Structures are given as structure tokens and as C-alpha cells.
1. For D164 and I5, calculate 0.36 nm times their separation in residues minus their Cα-Cα distance, and state this gained length in nm to one decimal.
2. Once R0 is set to 35 Å, what does the formula 1/(1 + (r/R0)^6) return for the Cβ-Cβ distance between E60 and R85, expressed as a FRET efficiency to the nearest 0.05?
3. For E151 and Y107, what does the FRET efficiency come to when R0 = 45 Å and r is the distance between their Cβ atoms, rounded to the nearest 0.05?
4. Stretch T197-K184 to full length: gain in nm at 0.36 nm per residue minus the Cα-Cα span?
5. Suppose each label sits 7 Å from its Cα in the direction of the beta carbon; what would the L23-A260 distance come out to in nanometres?
6. Among the listed pairs K77/K119; K159/K184; K80/K113; K76/K119; K58/K126, give every one whose C-alpha distance is greater than 20 Å.
7. Restricting things to Cα coordinates, could you compute the convex hull volume per residue of the stretch 60-126 in Å³?
8. Largest first and in whole Å, give the semi-axes of the stretch 134-196's equivalent ellipsoid, each being the square root of 5 times a Cα gyration tensor eigenvalue.
Amino acid sequence: MDSIITYLLLYNQYLIKLVGELLLFIAKYIPLKQMLFDDSNSPEYQKFKVDRLPKILKFEKVDYILLLEYYKHRYKKVLKPVKIRNGKSIPESIICPKCGAPHDYIYDNNGNKGQFQCKICGTTFKENNNATKPLVFKCPYCGHTLVVQKERKHFRIHKCKNPDCSYYLKNIKKIPKDLDENEKHKYKLHYIYREFTLNFFKMDLHMLPKSAVNFSFKKFNPHIMGLCLTYHVNLKLSTRQTAHALAEVHGIKISHTMVAN
């Protein structure tokens, strides 16, 4: 019994010594102040984090006649057409792109500036843009429609360009006040969403190209690979510093070339 207690005490002292060495290594090689910043404060190294998913609106056409019957069945009254005010009527050519309601059920939504709203289904649209996209992405912070910023081979980049978005206003306050306008593009200020167009279910995993990266290690296991990623990516150490940390803290001898690979 005494031998077990003695062993545990010695092992506990060994762990305390190991923690002390780790704290000294962190204080010497890792800039702790940088860890307090987020994406907006480090254009060179951006911390990995997951943004909120956008609000996805799927455009589906419906029949306004069925909606009128449903309204009558539920509320026990007929939905009347829009009353004309100030002698301003909606042109007969204007119909709702979602339910097909005629101009009698269409509001002038912004005072003759080209935006309309359907009284039956509530869809807001414009005369020259009926918003019949199959999918519409909305910013989860402000609710504005995301704009396609770039087209890539396997995905599209959607961006919120609302200057009053809470996500943008929060990040714009964190960048240096004396920063030049031409340098702002290095910081992630606006909400961004990537829509992947690649069908992952049709990918043939057995037909990988020759240039594909092989994650199998000849001498090291996946746990060591995870340590390399933690030190090199999360803690922003160089490949040589990562190799040194693995040797000093974990007793793992690995070259900086293997870390880079």
C-alpha cells in the first residue's frame, strides 16, 4: 500500500514539473495577447471559428386561389383586394411572382419606387426583378439578402453588404483606427457564407488524383498529427517551433519538414 502511495506522489510531482515546463514554454514562445484577438485583429493569422449559418429561403410557387380559399376557411371571411388611395393604382401587368395574384391584391410598398408587396402571400418583389431564385440566403445577423461576391469552381462566396449589419459594426470597431482604407480588405469585416456546388454524394473516393495529399504517417500516428496541427495552426507556431515544442513537451522527435508536410 505504501509503495502505491509513494509511486502516486512521485508521479504527481512529475506532472507538476511537466506543467511548469509547459507554462515556461508558452510564456517564452507563444504571444498570449494575440490569442485574445479574433479574426478582425489579425490579418496574417485568422483564428478558426464557425460562423452562424445563413437563413435559407426556398422559393416555391403557390396558387393564390387556393390561398384565398384557405383564408376564407380559417378566418370565416373573404380577403378583399387592396383599396386604392390617392388615386394611385397598380398597373395590370404587375402580378405576384410567387402566387400569381393579380394587381388588385398588390401593394405599392415604397411609394412609386418600384417595390411591391402581395397582400395574399406577403412576397415583396420588384417589377424588373421578380426574385424567382430557387434559394435565397439571408444574413443571420441583420436579415439582408447575401450578394454573390465570387464564383469558384466548386463553391460560391456570398457576402452581406449591409453597412448597418451588427456583425460588420462589431468588427469595424476592432481594427486599428489609423488603418488605411486600402488595407481593410485584409480583415474579415462582413459576414461571408460559402455555398458549395460540388455534389459530395457523387464523389468517387477511390479515384483520387495522384497529387492528392496522403494523411498516413510512416513513423507517426494520427494523434501526433493532431498535435502538429494544434501547435502550428491554433497556436500559430512556425514549423521549427512546432517540432521543438513536440520534443520539449511531449518527447516526440520530429523534423520541421515532416511538420510542414
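The numbers here are math on the coordinates, done by the rules we state, and not lab data. Worth saying up front: this structure is predicted, and the values here are computed from it rather than measured. Heads up, the Cβs are rebuilt from the backbone with ideal geometry, glycines too, and the neighbour counts pull from every protein chain shown.
1. On the way: separation 159, 0.36 × 159 = 57.24 nm, distance 6.32 nm.
That pair, D164 and I5, stretches by 50.9 nm at full extension.
2. Details: r = 31 Å, r/R0 = 0.90.
Plugging the Cβ-Cβ distance into 1/(1 + (r/R0)^6) gives 0.65.
3. Details: r = 35 Å, r/R0 = 0.78.
My answer for the efficiency is 0.80.
4. Working: separation 13, 0.36 × 13 = 4.68 nm, distance 2.88 nm.
Taking T197 through K184 to full extension adds about 1.8 nm, to one decimal.
5. Between L23 and A260, the label points sit 3.5 nm apart.
6. On the way: K77/K119 15 Å; K159/K184 15 Å; K80/K113 24 Å; K76/K119 17 Å; K58/K126 18 Å.
Beyond 20 Å: K80/K113.
7. Numbers: hull volume 5.7 nm³, N = 67.
Spelled out: Cα convex hull of the stretch 60-126, divided by residues, is 84 Å³.
8. Values: eigenvalues 110, 45, 11 Å².
Equivalent ellipsoid of the stretch 134-196: 23, 15, 8 Å, largest first.
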